[in-house]
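Chemist: Mind having a look at this structure? Questions to follow.
Only the coordinates and a few stated rules stand behind these numbers; no lab work does. No experiment lies behind these values; they were computed from the predicted model shown. Glycine also receives a Cβ, built like all others from the backbone with ideal geometry; neighbour counts cover every protein chain displayed.
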Ligand code: EPU
């Protein structure tokens, strides 16, 4: 059990580098399987989910290791197409190995993935797309068995721009005969990162970053190197922490465009924000204003992953904020815990109304999920007295050395 101990009241000041993106690293690690190659990845965060993805690769017969923030993978000697249930349960992204294995082996045996409990997280869009591409898929509610004598490119219309389904289709399409056109594709920066990695691997991918992605064949390269993009949700978390605690913080090695919707609301809340090519400087006196309506949307809309931390930043803001969560059905699990600090949050279905309060007071909390746990840290930095967050390891699934980063900015936080 991790115990995060923090004392509110310190301003955050200074500069910090933002880690590489978890949600870009994980599908790229799965993608390293699609053809035999030696991959070097740089700027990969050291996280439990990354360890899980590398464990899956090793189980399948690849060499895979992380040294610092570099990952080395040799996927030439793959010997297995089955992923054990225990490994599948370690994280959500394990489902992306379905497309990768199908592309490489024409067969994949896995089970439903784990990950944060954010309500129903079906994979119907993944499965129906892969079936249209020629895969036969048997699933019994827990095991999934896929095989394809031949994968064929086709035109697919996604009913929702699912990030995971778009990734799985891209990987499967790399081995399909002919052209695969994904209409209604996810447009997240992590999709562009995967597309860029696949291009370096020799795949023909165009249109990523738009809602139509076209994949047409692969001429595999034997060796490649790719630097993972920075983590826009970690950047958003640090910006939210500095906004409510008050301070003057420079986030380095970020792409402000990737979290501009979050910065937009922080500006509206009263922060002074200057964006440069790879830095964002945020100044705040800690006195924030409610921002009215915030709706989570697929990219380029406001990200669901930043919703809990923005909520936490605005708990003491003067006025009201009304959040509508449109991506996950149960992504307010942090709210009950935040109310224990004295917050005024009313939840009605997908809508959360936050009325700013004068004061938050530190208590003992339980981390509910990854971003919910991060939200409790943000709120604790803005509470009077001591907050203790008991965490079964959720926060470390997505944040590398978060305690050290915040301490370097002046926060009073310890991870026991
Ligand atoms: N959905 C379906 N059917 C499907 C696929 C998705 O109904 O076949 C629904 C989901 O139930 C959900 C919504 O569509 O309600 C969005 O799901 P999506 O597939 O887009 O999300 P994901 O691939 O499971 C990734 C990130 C999440 C992030 C979402 C949305 C990774 C490993 N995870 O999940 O990140 O919230 O996209 O942007 O990339 C996190 O990092 O904390 C996290 C949860």
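Chemist: If I stretch the segment between residue 138 and residue 344 completely, what's the gain in nm (0.36 nm per residue apart, minus their alpha carbon distance), one decimal?
Modeler: 69.5 nm
Chemist: Let me ask you something else. Could you please rank 5, 277, placing first whichever residue has the fewest other Cβ atoms within 10 Å of its Cβ?
Modeler: By the 10 Å Cβ count, ascending, the order reads 277, 5.
Chemist: Continuing with this model, one more query. Hey, for a label at residue 353 modelled as a point 7 Å past Cα toward Cβ, could you say which residues of segment 278-296 have their backbone N under 14 Å away?
Modeler: 292-293
Chemist: How far apart, in nm, are the 7 Å Cα→Cβ label points at residue 320 and residue 183?
Modeler: Each label point lies 7 Å from its Cα, and together they span 4.1 nm.
Chemist: Hey, with R₀ at 56 Å, roughly what FRET efficiency would residue 219 and residue 361 work out to, going by the Cβ-Cβ distance, to 0.05?
Modeler: After rounding, the FRET efficiency stands at 0.35.
Chemist: In degrees between 0 and 90, to the nearest 10, how far off the longest principal axis of the chain does helix 48-59 point, with axes built from Cα atoms?
Modeler: 10
Chemist: Sticking with this structure for a sec: Nearest 500 deg cm²/dmol is fine: what mean residue ellipticity at 222 nm does the chain get from its DSSP H runs of n ≥ 4 alone, each adding -39,500 (n - 2.57), divided by its residue count?
Modeler: Calculated at 222 nm, the ellipticity per residue is -8500 deg cm²/dmol.
Chemist: Multiply the residue separation of residue 40 and residue 58 by 0.36 nm, subtract the distance between their alpha-carbon atoms, and state the gained length in nm to one decimal.
Modeler: Taking 0.36 nm per residue and subtracting the Cα distance, the gain is 4.9 nm.
Chemist: Could I ask something else about it? Any chance you could give the angle, 0 to 90 degrees and rounded to 10, that helix 163-173 forms with the longest Cα principal axis of the chain?
Modeler: Helix 163-173 and the main axis of the chain meet at about 20 degrees.
Chemist: Tell me the label-point distance for the pair residue 79, residue 107, using the 7 Å Cα-to-Cβ offset, in nm and rounded to one decimal.
Modeler: About 1.6 nm, to one decimal.
Chemist: Here is a follow-up. For residue 285 paired with residue 124, estimate the spin-label separation in nm (one decimal), with each label point 7 Å from Cα along the Cα-to-Cβ line.
Modeler: Once both label points are built, they end up 5.2 nm from each other.
Chemist: Next question. Between segment 358-416 and segment 1-56, how far is it from one alpha carbon centroid to the other, in angstrom?
Modeler: A separation of 18 Å, based on Cα centres.
Chemist: As I understand it, the value is the acute angle between the Cα axis of helix 232-245 and the longest principal axis of the Cα atoms of the chain; what does it come to in degrees, rounded to 10?
Modeler: The angle comes out near 0 degrees.
Chemist: In addition: Kindly work out what percent of the DSSP beta bridges joining two residues of segment 65-209 are antiparallel, to the nearest 5.
Modeler: Here the antiparallel bridges make up roughly 70 percent for segment 65-209.
Chemist: Name all residues of segment 142-170 having a backbone nitrogen under 13 Å from the label point set 7 Å from the Cα of residue 211 along its Cα→Cβ direction, giving them as ranges.
Modeler: Counting backbone N atoms under 13 Å from the label point, the list is 157-162.
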